[in-house]
Amino acid sequence: GLIGLNGSGKTTLLRLAAGLEKPDAGTVTIWGGVRIRFLPQQPDLNDDKLVLEQLFDSQSPQIQLLRRFEWATAQLQQHPGDEQWQMQVATLSDEMERTGSWSAEATAKTILTRLGISDFGTRVGTLSGGQRRRVALAQALIDPADLLILDEPTNHIDAETIDWVEKYLATEPGALIMVTHDRYFLDRVVNRIIELDRRQLVSYPGNYQRYLEKSAERQAMLEAAEEKRQNLLRRELYWLQRSPKARGTKQKARKQRLEELQQITHDQNSQIALALARRRLGKKVLSATMLSKRFDGEVLFEDLDFELGPGDRVGIIGPNGVGKSTFLNILAGKVGANSGQVIWGDTVRLGYFDQQSSQ
C-alpha cells in the first residue's frame, strides 16, 4: 500500500512504475516477461463499446484469442454456410482448448456479475459513474498480471463490492501496489506500507495499523533529532557571536559547521487552515417535491420528496447505478427531472464537487 499526503506524488510514482511516464533522473526496470496492469483514478473507457467488448480490450494473449473467437462466431452466425468462417471458428476453438482460454469469458462474466454489472450488452456511455468504475475494475482484474497497480480502487463503489474485491485480491498470486485512502481496505489487503514522506519512500512491514505504530515512533525520532539540531545551532551561534579572535582556524571550521546545520531542514507536514467566510443563511435551504427520473425507460426514482434545513448534513447511500449521482445532479440543476420541482432558499449559495471533479 502506497500512502502519502495529497499532491506528494503517489499517482506519478504509480505511473512511473507502470511505464506510463518517464523519470527526470534514474531508471525504472521492468524485467522481461513481467506483465503490468494499471487501473488509474479516471479510467479511459470507450463510450461506444458494449460492456463485454470493453472488458476484452486487453493485450492478454488469452483475451485476444477470446476476442478473435467471439468475432469469428458472430461472423459465422451472419453467414452460417460460409466454410471459411466455419474453419476459422473450429481452428480458434481448438486453440482456446489448448491454451485454456475458455475460462476467460466465464471469469469475465463472473467478475462483472459480482461487481454488480449483469447486462453485458449495455453501452459503456450509458453507465453511471459508479458502474463505469466497476467495469474498469473488472477489466483490470480479469487480465492476469504479474503486477497489478490500483490507484484508488475503492472510489465510487459500495461497501458490498469493496468486501468482494478484498477477498478476490487475497486469492490472487501476483504482486499488488495500490494507493487508497480507505484504511480498512489497507488493513485487510496489504502486508507492507510504503509512505511517500518528505520526498522519500519509507517502508513499513505489516498492515496499516502496524504502520501507524511504527510511523509514530519514526516521527518521534525525527522530532528528537530536530530538537537536538536546534540546540546545537543555538550554541554555535552563541559561540560565533562571542567571536574569539585568537582561534582563527577553529572559528572558520565552526562557521562551516554552522552553515551545514542551517542547511538541514526538518520538513514537517504542514497543516493548512482554510477559512470560509460565513454568510447569513435563512430558514429555508432546499425543498424537492415529487421528483421522478427515468433513463431509457428505466425508472430510477419517482414521487420523491426531500427537505434540507440549516445545519443538516445528509449522506446518501445505495448500490451503484440506483441514481445517487443523478439525484444530486437534479438538485444542483445540472440534470432535469422528468417531473417534480426543486426549490432552493433565496440566501443559499451552492458548491458542488462531482465524481469527475469537474468545475
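Give the aspartates and glutamates reachable from residue 293 as a straight Cα distance under 12 Å; neighbours fewer than 8 places away on the same chain don't count.
302, 303
Ordering 71, 31, 164, 102 by accessible area with a probe of 1.4 Å, largest first, what comes out? Can you show the working numbers first?
On the way: 71 150, 31 185, 164 35, 102 100 Å².
Accessible-area ranking of 71, 31, 164, 102, largest first: 31, 71, 102, 164.
Could you tell me the relative contact order of the chain? Use alpha-carbon pairs under 8 Å, at least six residues apart, and round to a whole percent.
Details: 427 pairs, mean separation 59.7, N = 359.
Contact order relative to length: 17 percent.
Before I look further, what does segment 85-142 give for accessible area per residue, probe 1.4 Å, in whole square angstrom?
46
Treating the beta-carbon of each Lys and Arg as +1 and of each Asp and Glu as -1, no other charges, what is the dipole magnitude of the chain about its Cα centre, to the nearest 20 debye?
Values: 47 positive and 46 negative charges, 649 e Å.
It works out to roughly 3120 debye.
Which angle between 0 and 90 degrees, to the nearest 10, do you get for helix 248-263 versus the longest principal axis of the chain when only C-alpha atoms count?
Helix 248-263 sits at roughly 20 degrees to that axis.
Once amide H atoms are built 1.01 Å from N in the peptide plane, which residues 5 or more positions from residue 192, or in another chain, come under 5 Å H to H?
206
Report, to the nearest whole %, how much of the accessible area of the chain belongs to carbon and sulfur atoms, 1.4 Å probe, protein only.
Details: 11480 of 23220 Å².
Carbon-and-sulfur percentage of accessible area, whole number: 49.
Against the longest alpha carbon principal axis of the chain, how many degrees, from 0 to 90 and to the nearest 10, is the axis of helix 102-114 turned?
70
Can you give the accessible area per residue of segment 18-65, in Å², using a 1.4 Å probe?
Working: 3100 Å² over 48 residues.
Solvent-accessible surface per residue comes out at 65 Å².
Treating cross-link reach as a plain straight distance, find the aspartates and glutamates whose alpha-carbon is under 17 Å from the alpha-carbon of residue 284, omitting any fewer than eight places away in the same chain.
305, 307, 312, 346
Once Lys and Arg get +1 and Asp and Glu get -1 on their Cβ, which of 116, 165, 104 lies farthest toward the positive end of the dipole of segment 89-183?
Positive-end residue among those listed: 116.
Count charges around residue 291 for me, please; just the other residues with Cβ under 9 Å from its Cβ, Lys/Arg as +1, Asp/Glu as -1.
-2
Report, in listed order, any pair from 10/214; 22/167; 49/324 with a Cα-Cα distance greater than 30 Å. Numbers along the way, then the final one.
Values: 10/214 20 Å; 22/167 34 Å; 49/324 24 Å.
Where the Cα-Cα span goes over 30 Å, the pairs concerned are 22/167.
So for segment 50-182, averaging the separation of alpha carbon pairs under 8 Å that are six or more residues apart and normalising by length, what relative contact order in percent results?
On the way: 130 pairs, mean separation 34.8, N = 133.
Contact order relative to length: 26 percent.
Step through the residues of segment 133-139 one at a time and calculate ³J(HN,Hα) from phi using the Karplus curve (6.51 cos²θ - 1.76 cosθ + 1.60, θ = phi - 60°), rounding each to whole Hz and writing x for Gly and Pro.
Karplus values, whole Hz, x for Gly and Pro: 5, 5, 4, 5, 5, 4, 4.
If the convex hull of the alpha-carbon atoms of segment 65-145 is projected onto planes in all directions, what is the mean projected area in square nanometres? Don't skip to the end; give the middle numbers.
Numbers: hull surface 24.8 nm².
With the hull built on Cα positions only, its mean projection is 6.2 nm².
Roughly what % antiparallel, to the nearest 5, for the DSSP beta bridges in the chain?
Working: 19 of 32 bridges.
Rounded to the nearest five, the antiparallel share is 60 percent.
Which shape class applies to segment 128-208: rounded if a/c is under 1.5, otherwise prolate when a/b exceeds b/c and oblate if not, where a ≥ b ≥ c are the square roots of the Cα gyration tensor eigenvalues? Could the numbers behind the result be given before it?
Values: a/c = 1.74, a/b = 1.52, b/c = 1.15.
Judged from the Cα gyration tensor, segment 128-208 comes out prolate (a/c at least 1.5, a/b above b/c).
From the P(r) of segment 1-51, can you give the percent of Cα pairs sitting at distances over 18 Å? Walk me through the numbers before you get to the answer.
Details: 602 of 1275 pairs.
Value for segment 1-51 (Cα pairs over 18 Å): 47 percent.
For the chain, with a Gaussian network of springs between Cα atoms less than 10 Å apart, report the residue from 319, 80, 153 with the top mean-square fluctuation.
In the Gaussian network model the winner is 80.
Report the one residue of 203, 308, 222 whose Cα lies farthest in the direction of the positive end of the charge dipole of the chain (charges on C-beta: Lys and Arg +1, Asp and Glu -1; origin at the Cα centre).
My answer, from the dipole projection, is 222.
Where a Cα-Cα gap under 17 Å defines reach, which aspartates and glutamates qualify for residue 109, not counting those fewer than 8 residues away within the same chain?
Partners within reach: 53, 57, 70, 119, 143.
In bins 20 Å wide, starting from 0, what share of all Cα pairs of the chain does each bin hold, as a percent?
20, 41, 27, 9, 2, 0
The values are calculated or read from the model by the stated rules, or taken from the named source; none is laboratory data. Note that the structure is a prediction, hence the values are computed from the model and not measured. Note: ideal-geometry Cβ built from the backbone for every residue, glycine included; neighbour counts use all protein chains shown. The protein model used for the area step is the full one, side chains on, heavy atoms only, and it has no ligands, DNA or RNA in it. Shrake-Rupley method; radii C 1.70, N 1.55, O 1.52, S 1.80 Å.
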